[in-house]
Amino acid sequence: MKITYNQFEVLTTIERNKEKLSQREIAKETNLSVGTINKVISDLLSEKLIGEDNLITNKGLKALEPYRVKRAIFLAAGFGSRLVPITLNTPKPLILVNGKKIIETLLDAVVKAGIEEIIIVTGYLSEQFEILLKKYPNIKFIYNSKYNEANNISSAYLVRDKFANSYVLESDLYLYNPNLIRKYEYQSNFLGKYVTKTDDWCVETKNGIITKEKIGGYDCYQMYGISYYDKEASLMMEKDIAHVYENVPGGKEKYWEQVVLDVYQKHYKIALRECFEGDIIEIDTFNELKEIDKTYDV
């Protein structure tokens, strides 16, 4: 059965917590008003998606099943030139930050969310990633032999047939809030944090849908490389990524998400999923690494 976005948010919150929550607690987790929560709870009760104990029913779990995330795809082929000298011998995702590999903060969240299929596209120093199999034995590696000749669209090109119901994650993000990775997603979305000003990659939105990607801006959302794609979007992406990579002049130099958010933006309806200060950080430079982990400041 098709459920509304608000019903989805409340149901997934109830399912995730696995204990009775007050309407105020649900409102806080979902960023919906208490009045909205009250109406949604009433609707869920009448449709028997939750029981009188406000816990999710088998019917509720069945209603969520079409929204289950099937896999997580990590793009981890790049060199990480801005983190030299650390990356001369270690791929950026495997760098230790406060005693933990950067990519492990993401992998742990994926495992916690119950996402079993994990694909990592490797390139630079690819053999070093095999150390992850000790902790995450179900990882499947795909090697990108073009990592040094093209931008990360070359990695997306290799997995373009696997985007349906999947997260796509940049592997150099240090995740502080594991709840950003969820068992269910309602629609295709891209993660972003609202900023009044940024010089980084960002997006503009209208009614919660991304309308433009750009470098630098005011009153926009700074992009973080975690996104999700439903089946409908993935079918279009498979064609568009291949076309840009194979046929568009300069296509091999593009970031893969530019296909969806810029070149063929009109083909898609990608929602902005908001994150907040302290949820996640992208470590771009050696100086930023030293600020986060003082052991490098020697």
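All conditions but one from (1) under 13 Å from the mean Cα position of the chain (by Cα); (2) of a type in the set (Val, Ile, Thr); (3) surrounded by fewer than 19 Cβ atoms within 10 Å (Cβ to Cβ) apply to Ile226; the one that does not is (3). Of the residues examined, Ile50 is not one that is within 30 Å of Ile142 (Cβ to Cβ) and touching a strand residue (DSSP E or B) at 6+ places or on another chain (Cβ under 6 Å).
Return the residues of segment 256-269 that are touching a strand residue (DSSP E or B) at 6+ places or on another chain (Cβ under 9 Å) and buried (at least 18 other Cβ atoms within 10 Å of the Cβ); say none if nothing qualifies. Trp256, Glu257, Gln258, Val260, Leu261, Tyr268, listed by residue number. All of (1) closer than 24 Å to Asp108 by Cβ; (2) crowded, with 19+ Cβ neighbours inside 10 Å hold for Arg68 with one exception: (2).
For segment 160-187, which positions are of a type in the set (Gly, Ala, Ser) and more than 30 Å from Thr285 (Cα to Cα)? Full working, then the answer.
Applying the first criterion (of a type in the set (Gly, Ala, Ser)) to segment 160-187 yields 164, 166, 171.
Passing the criteria: only Ala164.
Scanning for something more than 29 Å from the chain's Cα centre (by Cα) and not aliphatic (A, V, I, L, M), does segment 16-34 turn up at least one residue? No - not one qualifying residue is present in segment 16-34.
Give, as residue ranges, the helices (runs of 4 or more DSSP H) completely inside segment 1-91 that count at least 2 residues that are among the acidic types (Asp, Glu).
On the way: elements: 5-17, 23-30, 34-46, 58-64.
The qualifying helices (runs of 4 or more DSSP H) are 5-17, 23-30.
Could you grab me the full set of residues in segment 100-114 that are in contact with a helix residue (DSSP H, G or I) (Cβ under 9 Å, 6 or more places away or on another chain) and not in a helix (DSSP H, G or I)? Scanning segment 100-114 gives Lys100, Lys101, Ala113.
Within segment 174-191, being more than 20 Å from Lys214 (Cα to Cα) and either out of contact with any Leu (no Cβ under 6 Å at 6 or more places or on another chain) or in a loop (DSSP other than H, G, I, E, B) (or both) holds for Tyr174, Tyr176, Asn177, Pro178, Asn179, Leu180, Ile181, Arg182, Lys183, Glu185, Tyr186, Gln187. May I ask you to list the residues in segment 183-215 that are among the basic types (Lys, Arg) and surrounded by fewer than 16 Cβ atoms within 10 Å (Cβ to Cβ)? Residues satisfying the conditions are Lys183, Lys197, Lys206, Lys212, Lys214.
Among residues of segment 93-118 being touching a strand residue (DSSP E or B) at 6+ places or on another chain (Cβ under 8 Å), buried (at least 19 other Cβ atoms within 10 Å of the Cβ) and not hydrophobic (A, V, I, L, M, F, W, C), the one that is nearest to Ile131 (Cα to Cα) is Pro93. Close Cβ contacts (under 6 Å, 6 or more residues apart or on different chains) running from residues in segment 86-106 that are farther than 17 Å from Tyr136 by Cβ to residues that are of a type outside the set (Gly, Ala, Ser) and not in a helix (DSSP H, G or I) comprise Ile86/Ile95; Lys92/Asp172; Val97/Tyr174; Val97/Asp293; Asn98/Asp293.
Any read-out appearing in this document is the output of simple, stated calculations on the displayed coordinates, not a laboratory observation. What you see is a predicted model, and the numbers here were worked out from it, not measured in a lab. Glycine gets a Cβ as well: all are built from the backbone with ideal geometry, and neighbour counts include every protein chain shown.
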